[in-house]
Amino acid sequence: MSATKVGLIGCGDISGGHCRSYQAAGLDVAALCDLDRARAERRKKEFSFNNADIYTDYKELLARNDIKIVTVATPVAMHAPITIAALRAGKQVACEKPSTLSRAENKAIIAAEEETGNRVMFFSSRMRGGYTPLCRQYIADGKLGDLYRVDVRYWRRRGRPGLDCVVGAHWFLNKKLAGGGVVMDMGQYFMDQVLHLAGWPVITSVAAWTHRGFPSDLPTGVPFDVEEHCTIFARTEPGCLFTFDFAWIANHTPQRCVTLLGSRGGIRMSDDAPFTFFEEPHKWHWMNTTTEWQNKTKEQDVMYGLLAAAARGEDVCVGTTAREALAITELTDMTFLSAERGREVSRKELDTL
Ligand SMILES: NC(=O)c1ccc[n+]([C@@H]2O[C@H](COP(=O)([O-])OP(=O)(O)OC[C@H]3O[C@@H](n4cnc5c(N)ncnc54)[C@H](O)[C@@H]3O)[C@@H](O)[C@H]2O)c1
């Protein structure tokens with residue numbers, strides 16, 4: 001059987017990772033597209049994709065009937081229009097995170113899926129690898145009991161894309177093109193991870209605060225109107241409280257820690273310690289660090305392997321679904337609305353906008 005053909009739209013910074021995953025999943029790269037032809041040519045040469053045709057207009061790529069899977073790796077503002085066009089052109093779609101700029105775009109993607117029968121997966125599920133499957137198993141086995149508290153802290157020392165990393169990609173700093181700053185860029189990964197772990201509870205209200213204020217040496221006229229830091233307090237219908245603290249830039253040690261607390265046990269997943277499960281088998285607190293198991297396969301490679309199987313007609317679940325992406329956008333929208341209004345906002349208020 002010949003390999004499934006894939007096309008890549010957007011050949012910028014992250015596209016190299018997609019190219020490596022195509023090779024790992026045994027996909028046949030038939031087309032590369034970028035507004036800047038030289039970027040597409042560069043990936044073709046770098047990965048020896050000798051059969052790949054180069055395009056600067058994604059519509060021409062989508063018109064190819066032999067291409068079954070399309071990756072969308074453009075700035076966020078183009079995710080929904082390209083994804084919807086790709087679904088309508090008969091493709092399965094792998095779209096970068098964050099999924100869209102608005103709930104309306106997420107809903108239009110869901111409608112396009114329903115209309116065409118084709119599927120989209122988003123890469124906000126990248127954090128579902130590593131220790132996450134182990135954590136999920138602990139929850140499923142009842143080792144945590146009732147989950148009542150989830151906390152995420154992710155801080156970079158200097159990591160504003162467009163400025164401190166992915167230098168020159170100024171769209172990351174522009175709300176019209178990126179939708180937001182650290183919440184869109186990194187926060188949605190963690191929202192996906194912990195909502196996935198908690199079984200996608202309904203978020204009923206959010207209180208959030210955002211900050212921007214570090215200096216930058218951007219050329220005059222380049223917009224920079226997104227947040228560098230955001231703190232979120234989110235209540236859910238089952239009563240579990242989620243807090244998130246995201247920073248692109250901070251005068252502090254970098255941090256990355258996810259904590260889950262339940263009535264019977266607690267879990268800590270962080271960069272500076274192994275997976276840790278806290279339980280109380282006797283009368284006092286007991287810490288058990290005996291298990292270091294983790295899934296070491298890169299989540300993105302896993303996702304493309306599954307996507308290739310889906311394109312062959314196998315019934316597999318891959319990445320963040322269109323409905324899960326909508327739930328993440330809703331939490332993001334409540335976050336920005338609360339920060340703007342300076343008070344807690346309810347889910348119902350979103351519908352009145
Ligand atoms: N850079 C990272 O580390 C990283 C990591 C994970 C996810 N992402 C996500 O991947 C996406 C792309 O990010 P990036 O860092 O590669 O950005 P980038 O600016 O380096 O690359 C984006 C590319 O898209 C091209 N493009 C824009 N509009 C296009 C269109 N209509 N048709 C074809 N090509 C078009 C641009 O010319 C550019 O080459 C974003 O959604 C981002 O959030 C980036």
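The values are calculated or read from the model by the stated rules, or taken from the named source; none is laboratory data. Computed from a predicted model, the values in this text were never measured in an experiment. A quick note on method: Cβ atoms are made from the backbone with ideal geometry, for glycine too, and the neighbour counts reach across all protein chains shown. Each accessible area value is taken on the protein alone, full model and side chains, heavy atoms only, with ligands, DNA and RNA left out. Shrake-Rupley method; radii C 1.70, N 1.55, O 1.52, S 1.80 Å.
Worth a mention:
- Test: Arg312 is more than 21 Å from Val194 (Cα to Cα), charged (D, E, K, R) and at pLDDT 95 or above: no
- Selection count, region 56-74, where residues are open to solvent by 30 Å² or more (accessible area, probe 1.4 Å) and under 21 Å from Arg20 (Cβ atoms): 1
- Residue in region 33-41 that is at pLDDT below 95, open to solvent by 10 Å² or more (accessible area, probe 1.4 Å) and more than 11 Å from the ligand (Cβ to nearest atom) present: no
- Index of the failed condition, Tyr22 passing every other in (1) part of a helix (DSSP H, G or I); (2) more than 15 Å from the ligand (Cβ to nearest atom); (3) open to solvent by 30 Å² or more (accessible area, probe 1.4 Å); (4) not charged (D, E, K, R): (3)
- Criterion violated by Leu163 - all others in (1) closer than 14 Å to Glu228 by Cα; (2) out of contact with any strand residue (DSSP E or B) (no Cβ under 9 Å at 6 or more places or on another chain); (3) hydrophobic (A, V, I, L, M, F, W, C) satisfied: (2)
- Qualifying residue in region 193-204 (condition: within 19 Å of the chain's Cα centre (by Cα), surrounded by 23 or more Cβ atoms within 10 Å (Cβ to Cβ) and over 20 Å from Thr320 (Cβ atoms)): no
- Enumeration of residues in region 170-204 that are in a helix (DSSP H, G or I) and within 20 Å of Pro238 (Cα to Cα): Phe190, Met191, Asp192, Gln193, Val194, Leu195, His196, Leu197, Ala198
- Breaking point among (1) under 15 Å from Thr321 (Cα atoms); (2) free of Cβ contacts under 8 Å to residues at least 24 places away in the same chain; (3) within 12 Å of the ligand (Cβ to nearest atom), for Ile54: (1)
- Search result, residues across region 10-19 that are of a type outside the set (S, T, N, Q), assigned to a helix (DSSP H, G or I) and either touching a residue at least 40 places away in the same chain (Cβ under 8 Å) or away from the ligand (no atom under 11 Å from the Cβ) (or both): Gly17, His18, Cys19
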